[in-house]
Amino acid sequence: MYKYDDFDQKLVDERVIQFRDQTQRYLDGKLADTEYLPLRLQNGIYIQKHAPMLRVAIPYGMLNSIQMRKLAHIARTYDKNYAHFTTRQNVQFNWPELKDTPDILAELATVQMHAIQTSGNCIRNTTTDQFAGIAGDEVTDPRPWCEIVRQWSTFHPEFAFLPRKFKIAISGTTEDRAAIRFHDVGLQLVKNEQGEIGFDVYVGGGLGRTPLIGELVKQNLAPQHLLTYLEAILRVYNQFGRRDNKYKARIKILVKALGVEAFAERVAAEWQYLVDSPSTLTDKVINKAASFFLDPAYEANPSEGDFAQQRADNKAFSRFVTNNTTAHKQAGYVAVTLSLKKTGVPPGDVTDAQMDLIADLADQYSFGELRISHHQNVILADVKKSELYALWQALEANGLATPNIGKLTDMICCPGGDFCGLANAKSIPVAAAIQERFDDLDYLYDLGEIELNFSGCMNACGHHHIGNIGLLGVDRKGEEFYQLSLGGRAGRDEANVGKILGPSLKQELIPDAIEKVIKVYVENRLDGELFVDTYHRIGQEKFKERVYA
Amino acid sequence: MPNIILNGQIVDDNWQLVSLDGELPAGGKVLLPYPLWLSGEVDISAFEAIGVWLPNDTVLDEQAKALDALPVIAVDFPVFSDGRGYTLARQLRERFNFKAELRAIGDVLQDQLFFMHRCGFNSFAVRADRSIEEALAAMKPFSVSYQAALDQPQPLFAQRWA
Ligand code: SF4
């Protein structure tokens with residue numbers, strides 16, 4: 001993974017000094033609330049229901065064991081012994097004190113971490129596929145590009161005060177696992193007939209109040225032009241994006257208002273002044289970025305040991321293998337997904353002890369590296385099959401081996417009304433009630449892959465629009481209700497926003513409603529057909545009739 | 001007399017800002033609103049010197065080429081959190097090759113000076129209720145920048161990875 005040199009280190013160290021001073025001036029009354037607000041936001045600090053919340057950046061989800069231990073230490077020292085992994089591959093602490101935040105940032109800087117631009121109206125953490133670099137179906141590894149974009153976007157002087165937040169996702173595979181068409185900019189790596197790499201550039205996707213699917217603005221952009229082209233997009237947005245209404249300020253609204261052709265023309269008009277400027281990438285620079293993401297020292301064709309036997313002998317282990325491991329380009333290895341979706345634990349939450357354990361296991365079994373997925377799980381990307389059993393035992397003993405990855409109970413869920421000041425409704429207890437309802441594993445497996453996404457309000461941090469089943473907390477005359485939508489999905493070619501099923505429902509009715517939806521699926525599915533495919537084949541009506549009968 | 005930061009020094013300033021619907025002063029050095037200046041309705045011979053200030057929704061087109069001859073252009077930041085002025089500054093410097101004084105006016109606060117300077121401003125009318133000395137001292141919180149900009153023509157990667 002990427003390693004800081006003196007330049008990168010200096011930048012985060014100086015950021016700590018700057019933020020300490022800003023916070024001190026605020027606490028001394030020399031900075032008004034409104035002036036401090038964007039400064040702290042650009043350092044990931046929100047004032048939430050109970051306390052400030054600190055969001056720490058995990059660039060494109062990559063983390064090493066030393067960093068994970070530092071997160072555990074912060075949870076223990078400054079928080080209530082846990083942390084929360086987010087749908088944007090970052091991590092949040094829910095209970096730090098504002099006065100402590102400069103110290104926390106100083107601690108993070110010692111392990112090459114920061115909270116820069118994790119919030120605020122600026123370019124946020126770039127996200128990608130959690131299996132980048134190990135997937136067999138990859139055009140090329142997206143991570144070097146993520147790092148190039150990370151550096152370019154960090155304290156970009158022109159784009160620190162955009163109309164609204166700006167999120168970029170990059171996918172290196174044909175099967176899009178980064179939901180690129182639901183980002184402000186989605187970059188799809190492609191290869192042309194000559195075998196040269198390029199980017200298909202999608203702009204104007206997003207969730208929130210107005211879910212829109214990103215449109216293709218530039219096909220097969222030559223890679224050396226990536227930064228100047230992004231600069232042109234951002235410049236058009238900075239200049240023409242709406243600033244009069246925060247709900248209309250995302251770039252998607254601008255793209256929609258202008259139409260994608262007119263938008264693309266404006267970008268092209270701006271780009272002509274930027275193309276071939278010094279920000280143009282050279283092969284040397286691209287290769288240097290790629291050199292940070294070379295394969296670890298895999299063993300060639302390692303023995304699988306007793307793997308087959310262990311699997312035959314132990315049903316629980318076998319279930320884990322089926323559900324929580326992903327094929328690897330390297331023979332004898334798999335990627336292992338640790339589930340942070342154990343019933344009764346808020347999705348994405350981990351304790352300090354679990355984080356320490358995960359760090360140790362990463363050192364022992366996976367070259368000391370970890371990844372966070374936008375599904376809010378943790379991945380050990382390079383585990384030998386022969387060591388899988390021992391790893392599973394350690395995970396199982398610590399509540400990290402729930403064999404539900406990709407299944408209904410592996411839901412994406414925002415913190416909701418228990419923590420978030422913006423929420424209309426709670427999400428965590430409802431998620432738990434659904435998990436309890438579907439606790440029969442065999443039934444769960446029979447249902448196959450189903451994405452259930454849950455947001456506590458229209459801000460859609462839980463990506464409810466692109467859940468096969470989406471749940472949204474709404475406020476009805478001061479009461480917490482939930483709106484159910486079906487049929488959403490990510491994916492480059494089949495991206496789709498879920499359709500609202502009908503009137504919102506009371507909390508107690510949600511597990512029943514989901515069960516009814518699932519029954520309709522089971523009754524109607526063709527052999528091997530996924531939930532979302534059945535839904536699109538038979539349509540909404542049958543589901544609606546059953547739920548509202 | 002009010003003062004500003006100009007090229008890293010605190011200096012007296014006697015440019016008079018004419019607001020969009022404001023009265024013209026009798027003489028002296030004036031910063032005219034860009035639309036008024038474009039209109040050609042002002043008798044510029046009445047003044048010692050003429051500069052222009054740009055509202056931040058200005059779109060620079062062919063007409064902006066004439067700005068080049070001015071001794072000072074100011075860009076307005078009605079609130080510091082509206083970042084359009086950064087783009088205008090870069091366009092003036094990079095596209096229109098403007099070389100003289102480029103001044104940030106309006107809600108100009110110390111925590112944004114670094115970004116402004118990188119985008120090509122060399123002059124800062126710090127908000128009157130804030131300490132201009134403290135602002136000057138805090139102008140450069142970072143000694144490293146990743147991007148190419150007006151203060152650093154090459155991106156960091158060209159320096160360390162080329
Ligand atoms: S979706 Fe709403 S409730 Fe959930 S975390 Fe985001 S803002 Fe808070």
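The values are calculated or read from the model by the stated rules, or taken from the named source; none is laboratory data. A quick note: this is a predicted structure, and the numbers were derived from the prediction, not measured. All Cβ positions, glycine included, derive from the backbone under ideal geometry; neighbour counts span all protein chains shown.
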Qualifying position, being touching a residue at least 24 places away in the same chain (Cβ under 8 Å), assigned to a helix (DSSP H, G or I) and among the hydroxyl-bearing types (Ser, Thr, Tyr), among A:Tyr36, A:Tyr46, A:Tyr60, A:Tyr26: A:Tyr60
Spans of helices (runs of 4 or more DSSP H) in the range A:431-540 with at least 2 residues among the β-branched types (Val, Ile, Thr) and within 27 Å of the chain's Cα centre (by Cα): A:510-524, A:531-538
Enumeration of residues in the range B:21-52 that are surrounded by 12 or more Cβ atoms within 10 Å (Cβ to Cβ) and in a loop (DSSP other than H, G, I, E, B): B:Gly22, B:Leu24, B:Pro25, B:Gly28, B:Val42, B:Phe47
Hits in the range A:262-295 - residues which are surrounded by fewer than 16 Cβ atoms within 10 Å (Cβ to Cβ), in contact (Cβ under 8 Å) with a residue 60 or more places away in the chain and not in a helix (DSSP H, G or I): A:Asp295
Positions within the range A:396-422 being in contact with a Lys or Arg (Cβ under 7 Å, 6 or more places away or on another chain) and more than 8 Å from the ligand (Cβ to nearest atom), in sequence order: A:Gly399, A:Thr402, A:Pro403, A:Asn404, A:Thr409, A:Asp410, A:Met411, A:Asp418
Residue check, A:Leu162 among the hydrophobic types (A, V, I, L, M, F, W, C), within 14 Å of chain B (Cβ to nearest Cβ) and more than 19 Å from the chain's Cα centre (by Cα): yes
When residues of the range A:20-39 are limited to those that are of a type in the set (S, T, N, Q) and surrounded by 15 or more Cβ atoms within 10 Å (Cβ to Cβ), the one farthest from the other protein chains (Cβ to nearest Cβ): A:Thr23
Only listed residue being without any contact (Cβ under 8 Å) to a residue 40 or more places away in the chain and at positive phi, chosen from B:Asn14, B:Asn97: B:Asn97
Selection from the range A:339-360 of residues that are aliphatic (A, V, I, L, M) and crowded, with 24+ Cβ neighbours inside 10 Å: A:Leu340, A:Val350, A:Met355, A:Ile358
Test: residue in the range A:5-22 that is part of a loop (DSSP other than H, G, I, E, B) and not aliphatic (A, V, I, L, M): yes
Residue match in the range A:253-261 (condition: farther than 25 Å from A:Asn459 by Cα, modelled with pLDDT of 95 or more and either outside the structural domain of A:Ala460 (by TED's automatic domain parsing) or buried (at least 19 other Cβ atoms within 10 Å of the Cβ) (or both)): yes
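Conditions tested, residue by residue: (1) free of Cβ contacts under 8 Å to residues at least 40 places away in the same chain; (2) surrounded by fewer than 24 Cβ atoms within 10 Å (Cβ to Cβ); (3) within 14 Å of another protein chain (Cβ to nearest Cβ); (4) near the ligand (Cβ under 10 Å from one of its atoms).
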position	(1), (2), (3), (4)
A:Ala431	no, no, no, no
A:Arg437	no, yes, no, no
A:Tyr443	yes, yes, no, no
A:Glu449	no, yes, no, no
A:Gly456	no, no, no, yes
A:Ala460	no, yes, no, yes
A:Gly467	no, no, no, no
A:Leu471	no, no, no, no
A:Asp475	no, yes, no, no
Helices (runs of 4 or more DSSP H) within the range B:53-162 that include 2 or more residues within 9 Å of another protein chain (Cβ to nearest Cβ), under 16 Å from the mean Cα position of the chain (by Cα) and closer than 24 Å to A:Arg150 by Cβ: B:84-90, B:110-118
Residues of the range A:520-538 classified as free of Cβ contacts under 8 Å to residues at least 40 places away in the same chain, surrounded by 13 or more Cβ atoms within 10 Å (Cβ to Cβ) and not polar (S, T, N, Q), total: 5
Any hit, the range A:137-146, residues being touching a Ser or Thr at 6+ places or on another chain (Cβ under 6 Å), β-branched (Val, Ile, Thr), assigned by TED's automatic domain parsing to the domain that holds A:Ala257 and farther than 18 Å from A:Gln89 by Cβ: no
Flag if A:Ala425 is of a type in the set (A, V, I, L, M), within 10 Å of the ligand (Cβ to nearest atom), in contact with a Phe, Trp or Tyr (Cβ under 7 Å, 6 or more places away or on another chain) and not assigned by TED's automatic domain parsing to the domain that holds A:Leu212: yes
A:Leu258 being of a type outside the set (Phe, Trp, Tyr) and more than 11 Å from chain B (Cβ to nearest Cβ): yes
